[in-house]
Amino acid sequence: MIQTHQQREFVPLPVQVAGIYDWLYSNKDIYSFLDNDLFVNFITLGFHKKLVDSLLKEIKPNSHVLQLGCTFGLQMENVAYQIDEDGTYTIIDNNKKQIKRCQKKYEFLFNNMKFKFADAANFKIEQKFDCVICYNLLHELPPLSKVNVVCNTLNSLNSGGKAIFIDYHNPAKYHPLRYFMRMFNRLYQPFAEKLWERSIDSYAQNVNVADYTWTKTTFGLGMYQKVVATKRNLLNL
């Protein structure tokens, strides 16, 4: 991963972001039907379990964890089990319908899971966490929002904490679905290809990326990526 970057200006795109995913996140009949592992496995081309398993390897039991955005399927449930009862799991989302869906789904399962209404790109950082998860969120956001989310994620970490980004990646040129995904993205996910063009750490515009150790793992011939930024313990340097 690149360790230093020049400051860059990102120009906001003239697109009404709020309406792009309304069909999915604001329609109860649709999101209730799709909230299952079969659907998530289908849209991730069969890599859902592998991505979640890779995420869980980065999370220690009894950690204090923040997640940016609710997800479908059992990803959050698996994280809650990994954290165990002595840890805490806070999920923020800017869609009240999604918070209500998840509260209803998990209210009797996990006492250490709580939800807050907040925007991942603009929330006020009130405490630090051992781990911050950004799971398949960045591809939905325009460039300026990507910058804000990546910076908020990094700034929310304790020393030694991990920021875990799992999202799309630039697939290999010989990937059999590369050009299908390009067409699909341009029709339905207009900001996803920004993750093909730029590395996730390059969106860390307002933090010192050298304060973090960066690693990247790809899956499915480069279709998906896991980027982990571990905050250095600067007091020991």
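Restricting 191, 129 to those that are farther than 18 Å from residue 66 by Cβ and either of a type outside the set (Lys, Arg) or out of contact with any Phe, Trp or Tyr (no Cβ under 8 Å at 6 or more places or on another chain) (or both) reduces the list to 191. Considered as a group, the residues in region 37-50 that are of a type in the set (A, V, I, L, M) and closer than 9 Å to residue 73 by Cα include one that is surrounded by the most Cβ atoms within 10 Å (Cβ to Cβ), and that residue is 40. Within region 182-237, the set of residues being in a loop (DSSP other than H, G, I, E, B), charged (D, E, K, R) and over 18 Å from the mean Cα position of the chain (by Cα) comprises just one member, 232. Based on this model, can you work out whether residue 144 counts as modelled with pLDDT of 95 or more, aliphatic (A, V, I, L, M) and more than 13 Å from the chain's Cα centre (by Cα)? It is false that residue 144 is modelled with pLDDT of 95 or more, aliphatic (A, V, I, L, M) and more than 13 Å from the chain's Cα centre (by Cα). For region 51-85, the set of residues classified as surrounded by 19 or more Cβ atoms within 10 Å (Cβ to Cβ) and assigned to a helix (DSSP H, G or I) consists of 51, 52, 55, 75, 76, 79, 80, 82, 83, listed by residue number. When restricted to residues that are closer than 22 Å to residue 53 by Cα, crowded, with 16+ Cβ neighbours inside 10 Å and in contact (Cβ under 8 Å) with a residue 60 or more places away in the chain, region 200-230 contains 12. Here is the figure for region 28-76: residues that are under 20 Å from residue 90 (Cα atoms) and either basic (Lys, Arg) or free of Cβ contacts under 8 Å to residues at least 60 places away in the same chain (or both) total 12.
Has region 146-160 got any residue that is out of contact with any Leu (no Cβ under 8 Å at 6 or more places or on another chain) and among the charged types (D, E, K, R)?
If we filter region 146-160 for residues that are out of contact with any Leu (no Cβ under 8 Å at 6 or more places or on another chain), which is where we start, we get 147-148, 151, 154-155, 157-158, 160.
Then keep just the ones that are among the charged types (D, E, K, R); that gives none.
No - not one qualifying residue is present in region 146-160.
Screening region 86-101 for residues that are out of contact with any helix residue (DSSP H, G or I) (no Cβ under 7 Å at 6 or more places or on another chain), closer than 13 Å to residue 114 by Cα and not small (Gly, Ala, Ser) and picking the one that is surrounded by the fewest Cβ atoms within 10 Å (Cβ to Cβ) gives 100. Determine if region 120-138 includes at least one residue that is in contact with a Cys (Cβ under 8 Å, 6 or more places away or on another chain), buried (at least 20 other Cβ atoms within 10 Å of the Cβ), in a helix (DSSP H, G or I) and of a type outside the set (Val, Ile, Thr). No, there is no match, as no residue in region 120-138 is in contact with a Cys (Cβ under 8 Å, 6 or more places away or on another chain), buried (at least 20 other Cβ atoms within 10 Å of the Cβ), in a helix (DSSP H, G or I) and of a type outside the set (Val, Ile, Thr). Note on region 4-49: residues that are part of a loop (DSSP other than H, G, I, E, B), at pLDDT 50 or above and among the aromatic types (Phe, Trp, Tyr) total 2. Given the condition among the charged types (D, E, K, R) and surrounded by fewer than 16 Cβ atoms within 10 Å (Cβ to Cβ), answer yes or no: does some residue in region 152-174 qualify? The answer is yes, given that some residue of region 152-174 is among the charged types (D, E, K, R) and surrounded by fewer than 16 Cβ atoms within 10 Å (Cβ to Cβ).
Kindly establish whether residue 145 is among the small types (Gly, Ala, Ser), surrounded by fewer than 23 Cβ atoms within 10 Å (Cβ to Cβ) and within 12 Å of residue 194 (Cβ to Cβ). So residue 145 passes the test.
The values are calculated or read from the model by the stated rules, or taken from the named source; none is laboratory data. Note that this is a predicted model, so its numbers are computed, not measured. All Cβ positions, glycine included, derive from the backbone under ideal geometry; neighbour counts span all protein chains shown.
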